[in-house]
Amino acid sequence: DVPDDSYIALRLASKLGHQFNEDTRFDQTAEAFPSIEDSDDIYARVDSKLSTSLTANMVAGIQHILDWNRNALSGVDPVDHKVLLTVGWVF
C-alpha cells in the first residue's frame with residue numbers, strides 16, 4: 001500500500017555556461033517542478049560542473065548535483081548532495 005504521490009507540475013528551468021579559457025568550462029542546469037495542485041509539493045535539481053583539459057587527450061571534472069524534495073518522507077533529509085570527480089580520455 002504505497003501512497004500515490006504523482007502530481008501535475010510546471011517545469012521551470014535554466015541553463016548557463018561559461019568558457020573561462022580554451023581548456024576550462026563551467027556549466028550549470030537548474031530545474032524546478034512545482035505542483036499546480038499543491039503549492040507545498042515541489043522538487044528541484046541543480047547540476048553544476050567544472051571541466052578542464054589536463055593534456056591533449058585527458059580531461060577532468062568536478063560536478064555537484066543538488067536534489068531537493070520539499071515533501072521528503074518523514075525522517076529523510078529533503079536535500080541530497082552528490083559530488084563526482086571524473087577523469088576521462090578524448091579520442
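The values are calculated or read from the model by the stated rules, or taken from the named source; none is laboratory data. Since the model is a prediction, treat every value here as computed from it, not as a measurement. Every residue, glycine as well, gets a Cβ built from its backbone with ideal geometry; the counts of neighbours run over all protein chains shown. What goes into the accessible areas is simple: the full protein's heavy atoms, side chains included, and nothing from ligands, DNA or RNA. Shrake-Rupley method; radii C 1.70, N 1.55, O 1.52, S 1.80 Å.
How big is the dipole moment of the stretch 8-91 about its Cα centre under a simple scheme where the beta carbon of each Lys and Arg is +1, that of each Asp and Glu is -1, and everything else is neutral? Debye, nearest 20, please.
On the way: 7 positive and 12 negative charges, 64 e Å.
Computed about the Cα centre, the dipole is about 300 debye.
Taken one residue at a time, the phi angles of the stretch 15-24 give Karplus couplings (6.51, -1.76, 1.60, θ = phi - 60°) of 9, 9, x, 9, 8, 6, 7, 4, 9, 10 Hz. Gly and Pro are set to x. Within the stretch 17-65, the chymotrypsin sites (Phe, Trp or Tyr not before Pro) that combine a DSSP coil assignment with at most 14 other C-beta atoms in a 10 angstrom radius are PHE20. Taking Cα extents along the principal axes in Å as the quantity of interest, determine which of (i) 44, 32, 20; (ii) 65, 40, 24; (iii) 53, 25, 21 was computed from the displayed structure. Only one listed value fits the structure, namely (iii).
Restrict the search to the stretch 1-78; then list the trypsin sites (Lys or Arg not before Pro) that DSSP places in a loop and that have at most 12 other Cβ atoms within 10 Å of their Cβ.
Numbers: sites: ARG11, LYS15, ARG25, ARG45, LYS49, ARG70; in loops: ARG11, ARG70.
Passing both the DSSP loop test and the Cβ count: ARG11.
Starting from the residue with the highest accessible area, list HIS18, HIS64 in decreasing order, probe 1.4 Å.
Details: HIS18 90, HIS64 65 Å².
Sorted descending by solvent-accessible area, the residues read HIS18, HIS64.
The loop-placed GluC sites (Glu not before Pro) in the stretch 1-61, going by DSSP, that have at most 11 neighbouring Cβ atoms within 10 Å of their Cβ come out as GLU22, GLU37. Spacing of the modelled spin labels on ILE36 and ALA13, each 7 Å from Cα toward Cβ, amounts to 1.7 nm. Suppose the chain between LEU54 and GLN28 were pulled fully straight at 0.36 nm per residue; how much longer would it get relative to their current alpha carbon spacing? Result for the pair: 7.3 nm of gain on full extension. Which of the listed residues, SER51, ILE65, SER35, is farthest toward the dipole's positive end in the chain, when Lys, Arg count +1 and Asp, Glu count -1 at the beta-carbon? My answer, from the dipole projection, is SER51.
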